[in-house]
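A short write-up of the structure that comes next.
Bear in mind these aren't lab numbers, they're just calculated from the coordinates by the rules spelled out. Everything numeric in this text was worked out from a predicted model, so none of it was measured. All Cβ positions, even for glycine, are placed from backbone atoms using ideal geometry, and neighbour counts span all protein chains on display.
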Amino acid sequence: MMLNALILLFGIIILVASLGLGVFLPVARTAAEVTARGVRNVSPGTAVGGRHVIGGIVGSIVGAVLVVVGLAAPFVEVPAGNVGILMNFGQVQAGTLEPGLHIVQPIVQHVVNVDTRVQPHQFQEIDAASKEYQTVRLTGTMNYHVDGQYASDLYQRVGTDFASKVIDPAFNDFIKTVVPTYAVDNILGARDEIRARAKSALAENLSQYHIIVDDIYIANIAFSPEFQAAIEAKQVAQQQVQTEQQVLAQKQIQAQQVVVAAKGQADAQVALATGQAEANRLIAQSLSDPVLQYQLINKLSDKINVMLVPSGNGYILDLKGLTGGTTVTPTPAP
């Protein structure tokens, strides 16, 4: 911890400074004066170090105590998102330490931090068999967290590597028990169902260790190479069938369009013929003898002076007289 390191560093600085400035330097200076002046000329206050030496010794003792405290590391910090497990000479104590700064007995007590935040755990690839004994390989991820209130019990029973000791075996056992209940063709479609069942089963199994399962994800489901090739061939065949069905449907639509167009043309021709026949019928009904004679007269040229009448009439009509408004004189036929 940083605080223990600072205490150790501060103790070393005080110890070195006290020994150097308070002990060694005065002693060396006194020795030099004794050598230079002689013993008789040295004052009693400067002989043997004086008060500087005493102060240096006291400072050295304080520095040494700080060094020992720093090395003993009595201050322990439990980070946020963790709990501390207190041990006395390796024996796990009941309860846990909350995040923050704590003081423990040096040498006697030791603290192990356990992360209680949500953590992902990647499962190893598991080989299982389907109902038809086809090989199925699954991988997944589990999000979990440790119940901090009972972290000391988990640490005492399992340790800190509980993922490999508890979680992986539980998931492996579940997969090899559940997958054989599904047909190989239904496993991919039942991914969500398998995930939900795995979450429920693992939550029940790991609760005894105070491990809480937040969620489980099935990352990948794979089959044997032979079965995978068969699935791909089946998918290709289905795609070809769908393509042929689409082409056939398109041709049927085109044929229906041709039939509709032909029917439309036939209906149009029938309607036209019906209309023409009805017109002819009406025209035939309207052609009486006077009308025919009138139409005949209007069509004749004005250069024609004689008009032939039907046999037995006995008259030849003067056409100019009829058209010019003159009186017509009947002329006996020869």
Measure out, as a whole number of angstrom, how far apart the alpha-carbon centroids of the range 183-243 and the range 71-108 sit.
-> 44 Å
Scan around Phe123 for amide H atoms under 5 Å from its own, H built in the peptide plane at 1.01 Å from N, and keep only partners 5 or more places away or cross-chain.
-> Gly140, Thr141, Met142
List, in order, the whole-Hz ³J(HN,Hα) value for each residue of the range 82-99 obtained from phi through the Karplus relation with A = 6.51, B = -1.76, C = 1.60 and θ = phi - 60°; use x for Gly and Pro.
-> 10, 10, x, 9, 8, 10, 9, 6, x, 8, 6, 9, 5, x, 9, 9, 6, x
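Given a cut-off of under 8 Å on Cα pairs at least six residues apart, what relative contact order in percent is computed for the range 119-223? Each step should come with its number before you reach the end.
Details: 155 pairs, mean separation 44.4, N = 105.
Dividing the mean separation by the residue count of the range 119-223 yields 42 percent.
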Name the residues whose placed amide hydrogens come within less than 5 Å of the amide hydrogen of Ile85, ignoring near sequence neighbours (fewer than 5 apart) on the same chain.
-> Leu97, Val112, Asn113, Val114
Applying the gyration tensor rule to the Cα atoms of the range 119-223 (axes a ≥ b ≥ c; rounded if a/c under 1.5, else prolate if a/b exceeds b/c, else oblate), the class is prolate
By the scheme Lys and Arg +1, Asp and Glu -1, what is the net charge of all other residues having a beta-carbon under 11 Å from that of Asp127?
-> +1
